[in-house]
Amino acid sequence: MAAADELAFHEFEEASNLLAETPDAVTTSGSGQLTPQGHVAVAVDSGGSYGAEEEVEESDKTALLQEKQQPGFWTFGYYQSFFDVDTCQVLDRIKGSLLPRPGHNFVRHRLRNRPDLYGPFWICATLAFVLAVTGNLTLVLAQRRDPSIHYSPQFHKVTVAGVTIYCYVWLVPLALWGFLRWRKRVRERVGPYTFLETVCVYGYSLFVFIPTVVLWLIPVPWLQWLFGALALALSAASLVFALWPVVREDTRLVAAVLLSTVVLLHALLATGCKFYFFQPLPLEPLAPPPQATSLPLNLLPPPTPRSQVT
Amino acid sequence: MSDLQRLMMEPTDHHAQALFAGLSDISISQDIPVEGEITIPMRSHIREFDSSTLNESVQNTIMRDLKAVGKKFMHVLYPRKSNTLLRDWDLWGPLILCVTLALMLQRSSVDSEKDGGPQFAEVFVIVWFGAVTITLNSKLLGGNISFFQSLCVLGYCILPLTVAMLVCRLVLLAEQGPINFMVRLFVVIVMFTWSIVASTAFLADSQPPNRKALAIYPVFLFYFVISWMILTFTPQ
């Protein structure tokens with residue numbers, strides 16, 4: 001029995017040491033979560049009852065950890081903690097958002113409670129610029145088919161794209177986070193996501209639209225709608241799978257309404273971008289009739305509005 | 001030294017006078033005269049420097065700054081692993097380049113407000129806020145380059161794209177057509193690659209090794225946007 005007790009004692013000691021050490025790995029990113037600190041508190045309690053000197057050491061260590069991981073929001077270190085990612089981690093998160101799996105929660109498995117701001121910020125910037133550039137390119141293609149279309153760089157679309165995408169990735173997660181926190185009292189088991197984690201989920205889910213927008217250059221309408229639907233399905237699936245564990249404890253009605261609102265907003269963004277930035281091309285260029293050029297242009301009705309009705 | 005050793009071995013009071021007498025014997029005042037003013041050499045040097053730049057002609061001042069800017073242009077055009085851009089950073093070069101680029105890219109006032117190319121202010125804002133954003137990004141990722149050094153490097157590496165803009169404007173004076181567009185596309189692509197290579201040569205070393213790609217990608221996006229603005233420029 002003494003041997004078994006000794007074994008049990010050593011196990012708990014190692015486990016409590018490990019638990020006290022893992023906060024180093026989890027919380028120095030400064031995500032400001034409540035749950036890791038909760039784990040640390042539990043470890044101190046269980047470890048402290050097995051030795052007076054260890055209790056003092058571990059409580060000192062956890063006190064230091066808790067002081068270290070909360071730099072004020074006016075310091076540079078606070079913001080640096082949101083960019084504490086490596087290249088391979090960012091690529092891994094992007095892959096996780098591209099291939100959503102029902103069991104795999106994006107936040108718990110990919111982010112591992114360490115959200116970053118690098119991914120959402122630069123994915124949104126890339127998407128905004130790619131939207132404006134490819135939208136302009138479709139105008140170039142349209143002009144080559146129908147020379148009466150006047151080409152212009154349309155620089156204002158960059159501003160519109162940027163403002164739209166950034167507002168979507170910041171305001172919609174804010175509303176979602178607020179709503180989930182308000183419903184927190186209904187859930188016991190799973191805590192809500194922090195605001196940054198919600199922003200991360202939304203930001204990384206927009207990544208699939210970047211290649212889709214480039215593929216929208218192909219001037220075949222049904223193919224464009226197919227690509228759009230695929231991208232929307234992937235993106236909405238990654239959002240829904242990430243939100244499902246938090247929402248499933250709520251009532252059915254609230255869960256259904258919330259998830260359908262999320263998917264609907266996402267679909268609105270996709271179709272809005274498609275219609276605003278990509279005008280439908282005119283039909284196949286008519287064989288350039290020599291007699292058409294002899295007539296002044298303002299006598300002929302412009303061909304483009306009629307061809308847009310497809 | 002034997003005197004000293006003898007003195008050390010007899011530490012008694014009645015030898016105090018002898019101690020000092022011995023010291024005067026071995027003092028080195030006879031060899032090197034320890035007299036004169038004690039001035040700090042740097043202070044007098046700086047005072048001379050200040051008065052010289054105040055008294056020099058304006059042409060000298062301007063030429064010195066222009067030569068520094070020109071030297072950095074050479075470093076950008078032939079990127080080598082040198083520290084000149086980083087050590088003696090200045091923001092004159094980026095300002096000159098940005099203003100030149102914005103002046104050439106702005107649309108004329110007769111254009112419609114909605115559909116044209118960027119205005120002067122838009123180009124200016126894109127260049128400077130883009131550079132500031134990239135610098136903040138690289139500092140947040142843990143790079144050890146200072147704020148203004150990074151701004152300096154990013155601004156100076158716009159030089160190849162400004163040259164591309166000049167070439168494009170010249171090419172646009174000829175007749176329009178697909179060959180015209182191909183020439184402009186080729187020039188812009190070459191200069192874009194040159195900009196990226198130059199800025200990477202200066203900036204990549206200051207990043208932690210497992211985050212280099214994260215810091216370089218925004219630079220790529222920045223120069224891509226500027227190249228796109230140059231390529232789509234249409235004179236009215």
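The values are calculated or read from the model by the stated rules, or taken from the named source; none is laboratory data. All of these numbers come straight from a predicted model, not from anything done at the bench. Glycine gets a Cβ as well: all are built from the backbone with ideal geometry, and neighbour counts include every protein chain shown. Calculation scope for accessible area: heavy atoms of the full protein, side chains included, ligands and nucleic acids excluded. Shrake-Rupley method; radii C 1.70, N 1.55, O 1.52, S 1.80 Å.
Couplings 3J(HN,Hα) for the range B:82-92, derived from phi with the Karplus relation 6.51 cos²θ - 1.76 cosθ + 1.60 (θ = phi - 60°), are 10, 9, 4, 4, 7, 6, 9, 6, 8, 10, 5 Hz, where x marks Gly and Pro. Once the C-beta distance of B:MET74 and A:TYR151 is scaled by a Förster radius of 35 Å, the resulting FRET efficiency is 0.40 to the nearest 0.05. Share of carbon and sulfur in the accessible area of the range A:87-278 stands at 72%, probe radius 1.4 Å.
Ordered by solvent-accessible area of protein heavy atoms (1.4 Å probe), largest first, the residues B:TYR156, B:TYR78 come out as B:TYR78, B:TYR156.
Run the numbers for A:THR271 and A:TYR78: contour at 0.36 nm per residue of separation, minus the present Cα-Cα distance, in nm.
On the way: separation 193, 0.36 × 193 = 69.48 nm, distance 3.72 nm.
My answer for the length gained is 65.8 nm.
Would you work out which of A:GLY203, A:TRP177, A:LEU127 lies farthest towards the positive end of the dipole of the range A:87-278, given +1 charges on the beta-carbon of Lys and Arg and -1 on that of Asp and Glu, about the Cα centre? Result: A:TRP177, furthest along the dipole toward the positive end.
Assign one of three labels to the range B:105-211, namely rounded, prolate or oblate, based on the Cα gyration tensor with a ≥ b ≥ c the square roots of its eigenvalues; rounded applies when a/c is under 1.5, prolate when it is not and a/b is larger than b/c, and oblate otherwise. Mind dumping the intermediate values first?
On the way: a/c = 3.19, a/b = 1.72, b/c = 1.86.
Note, shape of the range B:105-211 comes out oblate.
Before we go on, tell me the buried accessible area for the A/B pair, both chains summed, 1.4 Å probe, in Å² to the nearest 100. Before the final figure, lay out each step's value.
Details: alone 18420 and 15480 Å², together 31410 Å².
Interface between A and B: roughly 2500 Å².
Site pair B:LEU54 and B:VAL197 shows an inter-label distance of 4.9 nm when each label is modelled 7 Å from Cα along Cα→Cβ.
Rounded to 0.05, the FRET efficiency of the B:ASP65 and B:LEU173 pair, given R0 = 45 Å and the Cβ-Cβ distance, is 0.85.
For A:THR251 and B:ILE96, what does the FRET efficiency come to when R0 = 60 Å and r is the distance between their Cβ atoms, rounded to the nearest 0.05? Working from the Cβ atoms, E equals 0.40. P(r) tail, the range A:114-195: Cα-Cα pairs separated by more than 15 Å, 69% of all pairs.
Nearest 20 debye, what's the magnitude of the dipole of the range A:87-278 about its Cα centre given +1 on Lys and Arg Cβ and -1 on Asp and Glu Cβ?
The calculation lands at about 500 debye.
Once the partner protein chains are put back, the range B:184-220 shows a loss of at least 10 square angstrom of accessible area, versus the chain by itself, at B:ASN210, B:ARG211, B:ALA213, B:LEU214, B:TYR217, B:PRO218 (probe 1.4 Å, ligands and nucleic acids excluded). Specify which residue in the list B:SER206, B:LEU105, B:VAL187 is farthest towards the positive end of the charge dipole of the range B:80-228, using unit charges on the beta carbon of Lys, Arg (+1) and Asp, Glu (-1), about the Cα centre. Positive-end residue among those listed: B:SER206. Within 10 Å of the Cβ of each residue in A:116-123, the mean number of Cβ atoms contributed by other protein chains is 3.
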